[in-house]
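A short worksheet on the structure shown next.
The values are calculated or read from the model by the stated rules, or taken from the named source; none is laboratory data. A quick note: this is a predicted structure, and the numbers were derived from the prediction, not measured. Virtual Cβ from ideal backbone geometry, glycine too; neighbours counted across all protein chains shown. The accessibility values were calculated without ligands, DNA or RNA, using every heavy atom of the protein model including side chains. Shrake-Rupley method; radii C 1.70, N 1.55, O 1.52, S 1.80 Å.
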Amino acid sequence: MKEKMKVYGYVRVSSEQQKLKDNSINNQRQHIEDYCDRYDYELVDVFSDEGISGKIKNRVGLNDLFNNLRKNNIDCLMVYSLSRFSRKLKDVLEFIEGLEKNNIKFISLKENFDSNEIVGKMMLGILGSINEFEVNLLGDRISDVKQYKKSKNEVYNGKILFGMYKRGKKLVKNVSEIKILKEIIRLREVEKLSYFKISDYLNELGFKSKEKKKWYGSSVRSVYLNGVKDKI
């Protein structure tokens with residue numbers, strides 16, 4: 001007699017109000033139980049998180065689920081919908097990849113998603129492409145905003161260019177750094193010195209980098225290529 005597939009279920013709601021709606025804990029659990037009955041799967045246990053956002057990775061129910069997955073011989077993890085597992089596509093993909101490495105299939109009922117089937121694998125590839133597109137698009141948006149703020153001398157997230165410092169919400173010239181930058185340009189373009197020789201020269205004179213540390217060839221190169229040359 002063929003052994004039944006052993007299943008863990010996972011259910012989640014992000015607010016107290018959702019407990020009363022169609023995507024309540026009980027509703028999600030019922031869908032999972034009905035599916036297992038229909039296909040004669042053994043539902044070993046159902047783990048839950050109530051009032052927890054899908055953006056949070058560190059959840060009690062989810063952590064208990066993964067700890068038990070490692071201990072027990074489970075064949076499948078089932079959720080009502082992908083959004084119950086996580087709101088972040090990147091996290092969903094990482095979770096499914098981790099399951100597959102341990103030969104555990106993943107089923108999402110609402111999307112009719114089965115990681116072991118051909119359509120499921122194709123859908124996983126599509127989701128991966130969408131995630132990569134979203135990451136690249138977000139990166140481009142951040143870069144555009146950063147470049148715009150630089151052009152307006154406004155504070156932006158990330159490392160402030162050598163030759164500038166933050167004053168409130170504005171970026172202003174750092175006179176001492178501008179002098180060092182001018183010297184780096186002169187040594188590089190006139191004296192034709194290597195980045196490493198320039199770093200030795202700056203260290204001998206006691207000049208500090210933006211982080212108040214010693215200079216290295218790589219840090220000289222970064223300042224030479226990315227310093228605020230348009231401000232000097």
query = Inside the range 193-232, can you point out the residues that are more than 17 Å from Lys182 (Cβ to Cβ), at pLDDT 85 or above and among the polar types (S, T, N, Q)?
reply = Ser194, Asn203
note = Of the listed residues (Val79, Val92, Val60), the one being exposed (fewer than 14 other Cβ atoms within 10 Å of the Cβ) and of a type in the set (A, V, I, L, M, F, W, C) is Val60
ask   = Could we say that Arg87 is more than 29 Å from Glu50 (Cβ to Cβ), at pLDDT below 80 and open to solvent by 100 Å² or more (accessible area, probe 1.4 Å) here?
value = no
inquiry  = With the requirement that a residue be charged (D, E, K, R), loosely packed, with under 15 Cβ neighbours inside 10 Å and either in contact (Cβ under 8 Å) with a residue 24 or more places away in the chain or under 15 Å from Val223 (Cβ atoms) (or both), what does the range 187-196 give you?
reply    = Glu189
task = Kindly check whether there is at least one residue in the range 101-120 that is over 20 Å from Gln28 (Cα atoms), at pLDDT below 70 and either surrounded by 14 or more Cβ atoms within 10 Å (Cβ to Cβ) or in contact with a strand residue (DSSP E or B) (Cβ under 7 Å, 6 or more places away or on another chain) (or both).
result = yes
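Can you name every residue in the range 184-228 that is basic (Lys, Arg) and in a helix (DSSP H, G or I)?
Arg186, Arg188, Lys197, Arg221, listed by residue number.
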